[in-house]
Amino acid sequence: MKVKEKEKKENIPLTCGAVITQPGSTKKYKTGEWRTFIPIIDQEKCIKCGKCWMNCPDGAIFKTPEGKFMINYAYCKGCLICEKVCPVKAISHKVEEK
Amino acid sequence: MSEKKVISGAEGVAIAVKLCKPKVLPMYPITPSTLVPEKLSEFVFNGEIDSKMIHVESEHSAISALYGAYATGVRSFTATASQGLALMHEILPIVSGSRFPAVMFVANRALSGPLSIWNDHSDSMSERDQGWIQLHCESNQEAFDTIIMAYRIAESKKVLLPVMVCADGFYLTHAYEPIQIEDQEKVDAFLPDYTPEHYLDTTNPKTFGAFAQPNSYMEFKEEEEKAMREAIREIIKVSKEFDKSFGRKYGNGLVEGINLEEAEYAVLGVGSVCGTIREVIKELNEQGKKIGLIKLKSIRPLPVEDLKILCKDLKILGVIDKHASIGFGGALTNDIRSALMGEKVKVEGFVAGLGGRDINKEKIKELINTIMKNKEGYWLK
Ligand code: SF4
Ligand code: SF4
């Protein structure tokens with residue numbers, strides 16, 4: 001609820017036809033708080049195949065310059081597709097504690 | 001060259017569309033609107049019009065492609081009727097909500113259940129809340145003229161809402177009447193090129209059809225309502241300018257009052273039935289009975305202030321409703337009644353002409369007799 005109240009105070013531009021005139025606005029919308037389950041990557045087990053990164057529907061997994069795959073929890077919705085696709089079971093999950 | 005031609009209403013509409021030079025024509029035929037895409041495809045085939053015609057697989061696709069065309073920033077057109085319009089329902093508020101100034105021709109035809117190909121207003125009346133301006137026509141010349149005016153109204157920066165140009169299926173679409181076909185140069189001068197507010201452009205990416213949270217959805221809808229109110233002024237303005245350029249007008253563009261000066265009773269009609277009502281009131285006026293006619297052209301926006309002024313001296317107004325809101329009488333009657341709430345005129349509703357049932361002079365006389373006896377409205381079968 002906190003997020004909504006904060007957004008209300010922001011001045012939303014009423015563009016004609018609700019067109020968003022700047023690209024990349026999705027980044028402003030943090031979906032991490034929707035999460036019920038939190039996926040965790042075990043970096044020891046990870047073979048860096050990138051399957052989780054390719055399959056995450058929210059683009060919440062990113063690759064570090066060292067080649068590690070990490071989850072940006074500000075956007076991860078906890079759908080656990082990453083866990084399902086990981087070929088070496090390097091991803092597990094817990095119930096999110098709010 | 002400007003010339004008068006005896007052609008069908010549908011052909012007149014197609015020629016008017018050609019003169020407005022739409023770039024994309026997503027079309028799916030349905031009786032009684034089919035003659036319009038038929039004529040337009042002839043124009044495209046003959047190279048008379050520089051448009052891309054898309055033969056889509058349904059009306060849902062036709063309106064979706066119309067949306068797509070407007071997203072690329074070009075003037076476009078489609079036509080439909082009855083079930084076709086109903087199938088478009090899902091996309092109608094997306095076109096208006098995106099503020100795309102599309103123009104669509106609706107050849108008014110009854111909705112199925114039971115199946116009917118004949119005329120009434122159940123198709124377009126069922127869509128009157130979807131943010132489209134709805135303009136009806138009494139004659140084929142009016143349909144021709146309204147198409148041209150519709151683009152001007154829709155594309156006005158103060159409005160930017162789509163327009164449905166409605167004409168009664170068969171009564172107008174398939175009737176042959178003389179139509180004054182205007183010159184391309186004159187139409188070009190009246191209707192400047194369309195310059196879109198936003199369009200898809202890879203060098204300047206934008207998001208169309210975005211998600212609106214509860215904190216902004218209402219504001220976007222409110223903007224549409226304001227634009228619809230603005231359309232009242234704009235329709236009057238465009239109608240005046242059309243008259244100046246072409247020498248024809250239809251009331252103030254929204255509504256027309258006929259013989260109301262001394263009338264205590266009047267009939268309100270929409271579309272081709274107004275022609276028959278004119279005949280009846282002429283006869284009755286000759287007999288000394290003071291009956292007037294209100295010809296309502298614009299269903300949305302509803303010209304509430306004009307209606308109040310036209311009805312100020314009336315005792316009873318009988319509304320002919322070619323669509324029943326099953327469970328609560330005629331939909332138009334309900335609209336007119338609430339528009340005239342608090343005025344002294346009493347509004348009686350007469351559901352008539354459903355599924356192509358003829359509304360002849362006798363029925364209109366019956367309606368007038370009923371209101372003159374201060375009796376309630378009913379289903380005028
Ligand atoms: S749980 Fe779903 S959203 Fe979160 S990182 Fe995995 S695939 Fe992406
Ligand atoms: S799918 Fe599993 S192994 Fe492959 S990168 Fe992701 S976590 Fe590592």
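The values are calculated or read from the model by the stated rules, or taken from the named source; none is laboratory data. All of these numbers come straight from a predicted model, not from anything done at the bench. Every residue, glycine as well, gets a Cβ built from its backbone with ideal geometry; the counts of neighbours run over all protein chains shown. These area figures cover heavy atoms from the full protein model, side chains too; ligands, DNA and RNA do not enter into them. Shrake-Rupley method; radii C 1.70, N 1.55, O 1.52, S 1.80 Å.
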Under 5 Å from the placed amide H of residue B:377, counting only residues 5+ away or on other chains, we find B:349
Can you work out the Karplus-derived ³J(HN,Hα) for every residue in the range B:74-81? Use 6.51 cos²θ - 1.76 cosθ + 1.60 with θ = phi - 60°, whole Hz, and x for glycine or proline. 10, 5, 9, 7, 8, 9, 7, 6
Protein accessible area in the range A:28-95, 1.4 Å probe - carbon and sulfur %: 57
Averaging sequence separations of C-alpha pairs under 8 Å and six or more residues apart, then dividing by the length of the range B:255-380, give the relative contact order as a whole percent. 27
So, for chain B, what is the accessible surface per residue at a probe of 1.4 Å, expressed in square angstrom? 42
Keeping every protein chain in place, order B:335, B:188, B:123 by accessible area at 1.4 Å, biggest value first, i.e. largest first. B:188, B:335, B:123
Looking at the range B:189-207, residues buried by 30 Å² or more relative to their chain on its own, accessible surface at probe 1.4 Å, turn out to be B:198, B:205, B:206, B:207
Only residues of the range B:8-26 count here: report those whose backbone N is under 17 Å from the spot 7 Å along Cα→Cβ of residue B:183, or say none. B:19-20
Using alpha carbon coordinates only, what is the Rg to Rh ratio of the range B:148-209, with Rh defined as the Kirkwood radius? 1.11
Restricting to chain B, what percent of DSSP beta bridges are antiparallel, rounded to 5? 25
Euclidean distance of C-alpha centroids, the range B:223-240 and the range B:1-56, integer Å: 27
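Among DSSP beta bridges lying fully in the protein assembly as shown, give the percent that are antiparallel, nearest 5.
40
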Per the Debye formula with a single identical scatterer at each Cα and no solvent contribution, what log10 I(q)/I(0) holds for the protein assembly as shown at q = 0.08, 0.12, 0.13 Å⁻¹? -0.58, -1.02, -1.14
Amide H neighbours of residue B:267 under 5 Å, at least 5 residues apart or on other chains, H built in the peptide plane: list them. B:292, B:293, B:294, B:318
Answer check: chain A, Cα atoms, Kirkwood Rh, Rg/Rh ratio of 1.07
Zero-based 20 Å bins, Cα pair distances in chain B, whole percents: 30, 58, 12, 0
Cleavage-rule hits, GluC sites (Glu not before Pro), the range A:23-85, DSSP coil, Cβ neighbours within 10 Å at most 10: A:44, A:66
Under 5 Å, built H, 5+ apart or other chain: amide partners of residue B:103: B:76, B:78, B:163
Between B:178, B:205, B:32, find the one with the highest GNM mean-square fluctuation for chain B; connect C-alpha pairs within less than 10 Å. B:205
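Counting only protein heavy atoms and a 1.4 Å probe, tell me what percentage of chain B's accessible area is made up of carbon and sulfur.
That share works out to 53 percent.
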From the phi of every residue in the range B:191-201, what ³J(HN,Hα) in whole Hz does the Karplus formula 6.51 cos²θ - 1.76 cosθ + 1.60 yield, where θ is phi - 60° and glycine or proline is x? 10, x, 4, 7, 10, x, 6, 9, 8, 5, 8
Going through the DSSP H helices of chain B, which span 24 Å or more along their own axis at the Cα atoms while scoring at least -1.0 as a mean Kyte-Doolittle hydropathy? B:217-246
Where in chain B lies the longest segment free of GluC sites (Glu not before Pro) that are both loop residues by DSSP (not H, G, I, E, B) and have at most 12 other Cβ atoms within 10 Å? B:91-260
Given a 1.4 Å probe and no ligands, DNA or RNA in the count, how much accessible surface is buried by B and A, both sides, to the nearest 100 Å²? 1500
What is the local net charge at residue B:68, summed over the other residues whose Cβ is closer than 14 Å to its Cβ (Lys, Arg +1; Asp, Glu -1)? +3
Hz values of 3J(HN,Hα) by residue in the range B:89-100 - Karplus curve (6.51, -1.76, 1.60), Gly and Pro given as x: 3, 4, 8, 3, x, 6, 5, 5, x, 7, 6, 8
Part-to-part distance (alpha-carbon centres) for the range A:54-88 and the range B:77-134, which is given in Å: 45
State, as an integer percentage, the relative contact order of chain B based on alpha-carbon contacts under 8 Å between residues 6 or more apart. 16
Return one whole number: the accessible area per residue of chain A in Å², for a 1.4 Å probe. 73
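Count charges around residue B:125 for me, please; just the other residues with Cβ under 13 Å from its Cβ, Lys/Arg as +1, Asp/Glu as -1. Walk me through the numbers before you get to the answer.
Numbers: positive: B:109, B:128, B:300, B:322; negative: B:120, B:123, B:127, B:129, B:168, B:321, B:335.
Combined, the nearby Lys, Arg, Asp and Glu give -3.
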